[in-house]
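Peer 1: Please see the structure below; I have some questions.
The values are calculated or read from the model by the stated rules, or taken from the named source; none is laboratory data. Quick caveat: nothing in here was measured; it's all calculated off a predicted structure. As a convention, Cβ positions derive from the backbone with ideal geometry for all residues, glycine included, and neighbour counts pool all protein chains shown. Heads up: the accessible areas ignore ligands, DNA and RNA and are worked out on the full protein's heavy atoms, side chains in. Shrake-Rupley method; radii C 1.70, N 1.55, O 1.52, S 1.80 Å.
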There are 2 protein chains.
Amino acid sequence: MKIGLDIMGGDYAPKAAVLGAIEAYKALTGGQTLVLVGDKEIATSILQENDFNPDRFEFVHTTEVIGMGEHPTKAIAQKPGSSIGVGFKLLKEGHIQAFSSAGNTGAMLVGAMFSVKTIPGVIRPAMTTIVPKLEGGLGILLDVGANADCKPDVLLQFGVLGSLLAENVYNMNNPRVALMNIGEEEEKGNMLSLATYPLMKETQLFNFVGNVEGRDLFNDSADVFVCDGFTGNVILKLAESFYVITRKKRIKDEFFDRFNYEQYGGSPILGVNAPVVVGHGISNPEAIKNMVLLSANMAESNLVDKIKQAFV
Amino acid sequence: MKIGLDIMGGDYAPKAAVLGAIEAYKALTGGQTLVLVGDKEIATSILQENDFNPDRFEFVHTTEVIGMGEHPTKAIAQKPGSSIGVGFKLLKEGHIQAFSSAGNTGAMLVGAMFSVKTIPGVIRPAMTTIVPKLEGGLGILLDVGANADCKPDVLLQFGVLGSLLAENVYNMNNPRVALMNIGEEEEKGNMLSLATYPLMKETQLFNFVGNVEGRDLFNDSADVFVCDGFTGNVILKLAESFYVITRKKRIKDEFFDRFNYEQYGGSPILGVNAPVVVGHGISNPEAIKNMVLLSANMAESNLVDKIKQAFV
């Protein structure tokens, strides 16, 4: 199995990406090969500086890069030779079985939808994030920004996507799916959540446990938290800011430590025909390593096939 | 000036409310009289137990209560003799110049709109909350739940309401108003924020400083953060949960201490024809005291007149 990594993506690329690839190499199993997409010359010199034999990786050389601030759709259309463009071409053609990047998030999303395409039956792919739980373990929040406006049937599908991720990649048994809302009662909410609740209540597609509120994100009320991408993005960035504040204040605590995105590697894009993970722009080598491993886990667990089966 | 307080509202009423009234009495100025609305007998015995002369208060006796779980509109219609119902009657008739309660939030909102009514020109009243800033000082977030679905012109008005609260009650000079969004750029957002941005950008009604993200809530990017009530309620409850977690973990820090809702007393309802404040259900005497003082400050600052002038 070949696992693709964009080594040109992220604020500290290519160095952080290449160093992360070294760390990932040590953790990958025998049948897994890392394919580095980007500037082979620079990567080789970084590897040699670190006494790492470049032959342990496959390379697909390109020097073109989609910048962090570029318009996603334009960049994907105009820069097919960029590391993200090339990575998705390799993924589409089956040369690699997973692809990840800490680069332009929008370009990763658009690239995934344009190349490997959305799984038939999936209305909109979603981006997810991991949230630590106070009592230990993890929760999954989606969507965190791919879809600023959602309809009820889209949120219902996010429940399916999140549930399958929780089950297959995070080994949760019969994951509890909750709807993020502004009250626990069925009759609470905005038009979207009011219309979504009955769909989720009646579905056989996942284990719906009802509405939750903002205060429930870190407790054990549910395993998967579903919301529109506007709400999810505000939640994600607010939670990140709390983590940053606890760091600044040098508060040492096991729970706050588990907010560290580096441990989780990145956000899977769910609902496209291949495993794709987007890392945080500020990813360091540890984060890159975990992003690569997450994309490999998604591939090894056949998550995409399981999602396809759910939407047949 | 007479300041009304519902002594039957809140999880620890009437005791916490009556003890809070004693604290508020000590802080009120000479011309201000507290009017306690609720069970006079119980209140008197609590006051006597605390060696406080009941004659320092005015009482309006009633034993009927709107429960925390009651349906707001039904309760307001069916229980005009409840402490909240009576409080709003006093407010409407001008016997009191401000009214606050830690009771049923929805009933307070509906009661305000049915009794003193919405200020002409205001499309929807809003509920606000205070957020502490990392570098000191406060920010104002609205709406936090009165309006789960909002239109762009409603968010524009929230900017006016929040700006006037910041200026007149929190003494901020030319408060900076920001739109809570999922990106800083003008072209980022959901349909609501995309449609709201140009209205705010062009307005002369307040000092618009652009989009902010979830991570900006505690930094110094703005003084007033505008969002729909769904987003604001999720933000509020998520932030509260962080505060609760830092308490549980016994993390002592000046910034986290300033999350304590007790210091702020409650959420003003803005856009109605009188000062109304809703306290947290779990309000203790300290919170009740600050809720009463906040409602008194709203009355003394003539905030309602200033809002009326802005909407002429």
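Peer 1: Could you please state, rounded to a whole Å, how far the C-alpha centre of the range A:131-179 is from the C-alpha centre of the range A:48-68?
Peer 2: Centre-to-centre (Cα) distance: 34 Å.
Peer 1: Could you work out the relative contact order of chain A? I mean the mean sequence separation of Cα pairs under 8 Å and 6+ apart, divided by the number of residues, in percent. Could you put the intermediate results ahead of the total?
Peer 2: Working: 676 pairs, mean separation 74.6, N = 312.
Reported relative contact order: 24 percent.
Peer 1: From the phi of every residue in the range B:261-270, what ³J(HN,Hα) in whole Hz does the Karplus formula 6.51 cos²θ - 1.76 cosθ + 1.60 yield, where θ is phi - 60° and glycine or proline is x?
Peer 2: 4, 4, 5, 9, x, x, 9, x, 9, 9
Peer 1: Taking the dipole about the Cα centre of chain A, with the C-beta of Lys and Arg at +1 and of Asp and Glu at -1, give me whichever of A:Asn181, A:Thr118, A:Leu138 is farthest to the positive side.
Peer 2: A:Thr118
Peer 1: Per residue, how many Å² of accessible area does the range A:8-95 show with a 1.4 Å probe?
Peer 2: Details: 4420 Å² over 88 residues.
Dividing the accessible area of the range A:8-95 by its residue count gives 50 Å².
Peer 1: Please list the radius of gyration and Dmax for the range A:7-93, considering alpha-carbon atoms only, with Å as the unit.
Peer 2: 13.3, 39
Peer 1: Between beta-carbons, use under 12 Å as the cut-off and find the net charge around B:Val110, counting Lys and Arg +1, Asp and Glu -1. Walk me through the intermediate numbers first.
Peer 2: Working: positive: B:Lys74, B:Lys79, B:Lys117; negative: B:Glu70.
That works out to +2.
Peer 1: Another question about this same structure. Given contacts defined as C-alpha pairs under 8 Å and at least six residues apart, what's the relative contact order of the range B:123-263, whole-number percent? Before the final figure, lay out each step's value.
Peer 2: Numbers: 249 pairs, mean separation 46.3, N = 141.
With pairs under 8 Å counted, the relative contact order is 33 percent.
Peer 1: Ok, one more. Go through the range A:169-202 and name the GluC sites (Glu not before Pro) that are in a DSSP coil and have 12 or fewer other Cβ atoms within 10 Å of their Cβ. Write down the numbers at each step before the final one.
Peer 2: Working: sites: A:Glu184, A:Glu185, A:Glu186, A:Glu187, A:Glu202; in loops: A:Glu184, A:Glu185, A:Glu186, A:Glu187.
Here the sparse-neighbourhood loop sites are A:Glu185, A:Glu187.
Peer 1: May I pose another question? Going by amide H atoms built from the backbone, whose H comes under 5 Å of the H on B:Thr33, apart from near neighbours?
Peer 2: B:Lys2, B:Ile3
Peer 1: Taking the simple approach of a point 7 Å from Cα along Cα-to-Cβ for both B:Lys252 and B:Thr203, what is their distance in nm?
Peer 2: The two pseudo-label positions are separated by 4.3 nm.
Peer 1: Provide the net charge surrounding A:Ile66, with neighbours chosen by a C-beta distance below 15 Å and charges set as Lys +1, Arg +1, Asp -1, Glu -1.
Peer 2: On the way: positive: A:Lys74, A:Lys79, A:Lys89; negative: A:Asp6, A:Asp11, A:Asp39, A:Glu64, A:Glu70.
Charge balance near A:Ile66 sits at -2.
Peer 1: Taking all protein chains as present, what is the carbon and sulfur share of the accessible area of the protein assembly as shown, in % to the nearest whole number, probe 1.4 Å?
Peer 2: Values: 11940 of 24080 Å².
Its accessible area is 50 percent carbon and sulfur atoms.
Peer 1: So, one more: Using only Cα atoms, find the angle between the long axis of helix B:40-49 and the longest principal axis of chain B, and express it within 0 to 90 degrees, rounded to the nearest 10.
Peer 2: 80 degrees
Peer 1: If you don't mind, another one. Treating the range A:111-168 as a set of equal point scatterers at the Cα positions, no solvent, please give the Debye-formula log₁₀ I(q)/I(0) at q = 0.25 Å⁻¹.
Peer 2: For the requested q values the scattering log ratios are -1.11.
Peer 1: Could I ask something else about it? Helix B:285-300 versus the longest principal axis of chain B: what is the Cα-based angle in degrees, 0 to 90, to the nearest 10?
Peer 2: The angle comes out near 70 degrees.
Peer 1: Would you mind checking the tilt of helix B:83-92 against the longest principal axis of the Cα atoms of chain B, expressed as 0 to 90 degrees and rounded to 10?
Peer 2: 70 degrees
Peer 1: Hey, what number do you get for the protein assembly as shown at 222 nm if only DSSP H runs of n ≥ 4 count, each worth -39500 (n - 2.57), divided across all residues, to the nearest 500? Mind dumping the intermediate values first?
Peer 2: Numbers: 22 runs with 254 residues, N = 624.
Value at 222 nm, helices only: -12500 deg cm²/dmol.
Peer 1: Could you give, in nm with one decimal, how far A:Glu184 is from each other copy of that position, shortest first, with labels 7 Å out from Cα toward Cβ?
Peer 2: 4.0
Peer 1: Can you list the trypsin sites (Lys or Arg not before Pro) in the range A:224-255 that are in a DSSP coil and have 13 or fewer other beta carbons within 10 angstrom?
Peer 2: On the way: sites: A:Lys237, A:Arg247, A:Lys248, A:Lys249, A:Arg250, A:Lys252; in loops: A:Lys249, A:Arg250, A:Lys252.
Passing both the DSSP loop test and the Cβ count: A:Arg250, A:Lys252.
Peer 1: What gaps in nm, shortest first, separate A:Gln204 from its twins in the other copies when you place the label 7 Å past Cα toward the beta carbon?
Peer 2: 6.4
Peer 1: Let me ask something additional. How are the C-alpha pair distances of the range A:168-312 spread across 10 Å bins, as whole percents from the shortest bin up?
Peer 2: 10, 32, 38, 19, 2
Peer 1: Just add up the charged neighbours of B:Asp223: K/R +1, D/E -1, any other residue whose Cβ is under 11 Å from the Cβ of B:Asp223. Working shown, then result.
Peer 2: Details: positive: B:Lys133, B:Arg176; negative: B:Glu167, B:Asp220.
Once positives and negatives cancel, what remains is 0.
Peer 1: What accessible area, summed over both chains, is buried at the B-A interface (1.4 Å probe, Å², nearest 100)? Can you show the working numbers first?
Peer 2: Values: alone 13720 and 13720 Å², together 24080 Å².
Result for this pair: about 3400 Å² buried.
Peer 1: For peptide A:148-159, what's the mean number of Cβ atoms from other chains within 10 Å of each residue's Cβ? List each step's numbers first, then the result.
Peer 2: Values: counts 10, 5, 1, 0, 0, 0, 0, 0, 0, 0, 0, 0.
Partner Cβ neighbours, averaged per residue: 1.
Peer 1: Karplus couplings for the range B:199-206 from phi (6.51 cos²θ - 1.76 cosθ + 1.60, θ = phi - 60°), rounded to Hz, Gly and Pro as x?
Peer 2: 5, 6, 4, 8, 6, 9, 7, 7
Peer 1: Moving on to the next point. Please list log₁₀ I(q)/I(0) at q = 0.13 Å⁻¹ for chain A, using the Debye equation with identical point scatterers on the alpha-carbon positions.
Peer 2: So the normalised log intensities are -0.89.
Peer 1: Which distances in nm, rounded to one decimal and ordered from shortest, link the label point of A:Ser45 to the equivalent label points in the other identical copies, with labels set 7 Å from Cα toward Cβ?
Peer 2: 8.6
Peer 1: On to the next question. Identify all lysines with a Cα-Cα distance to B:Lys79 below 20 Å; exclude those on the same chain that are fewer than 8 residues away in sequence.
Peer 2: By straight Cα distance, B:Lys79 reaches B:Lys40, B:Lys89, B:Lys92, B:Lys117.
Peer 1: OK, next. Once phi is turned into ³J(HN,Hα) by the Karplus curve 6.51 cos²θ - 1.76 cosθ + 1.60 with θ = phi - 60°, what whole-Hz value does each residue of the range B:246-258 show in order, with x for glycine and proline?
Peer 2: My calculation for the range B:246-258 gives 5, 5, 4, 8, 6, 7, 9, 7, 4, 5, 5, 4, 6 Hz in order.
Peer 1: Once amide H atoms are placed 1.01 Å from N in the peptide plane, what residues at a sequence separation of 5 or more from A:Ile269, or on another chain, have their amide H within under 5 Å of its amide H?
Peer 2: A:Val276, A:Val277, A:Val278
Peer 1: Count the DSSP beta bridges whose two residues both fall in the protein assembly as shown, then state the antiparallel fraction as a percent rounded to the nearest 5. Mind dumping the intermediate values first?
Peer 2: Working: 22 of 76 bridges.
Percentage antiparallel, nearest 5: 30.
Peer 1: Taking amide H positions as placed in the peptide plane 1.01 Å from N, state which residues far from A:Val212 in sequence (5 or more) or on other chains have amide H under 5 Å from it.
Peer 2: Result for A:Val212 returns A:Leu179, A:Met180, A:Asn181.
Peer 1: Between the range B:187-235 and the range B:93-111, how many Å separate their Cα centres?
Peer 2: The range B:187-235 and the range B:93-111 have Cα centres spaced 28 Å from each other.
Peer 1: Shielding of B:236-246 by partners, i.e. mean partner chain Cβ atoms within 10 Å per residue? Mind dumping the intermediate values first?
Peer 2: Numbers: counts 4, 8, 12, 5, 3, 9, 11, 1, 4, 8, 5.
Mean shielding by partner chains, rounded to a whole number: 6.
Peer 1: Expressed in whole Å with the largest first, what are the equivalent ellipsoid semi-axes of the protein assembly as shown derived from the C-alpha gyration tensor as the square root of 5 times each eigenvalue? Don't skip to the answer; put the middle values down first.
Peer 2: On the way: eigenvalues 525, 105, 98 Å².
Three semi-axes, in Å: 51, 23, 22.
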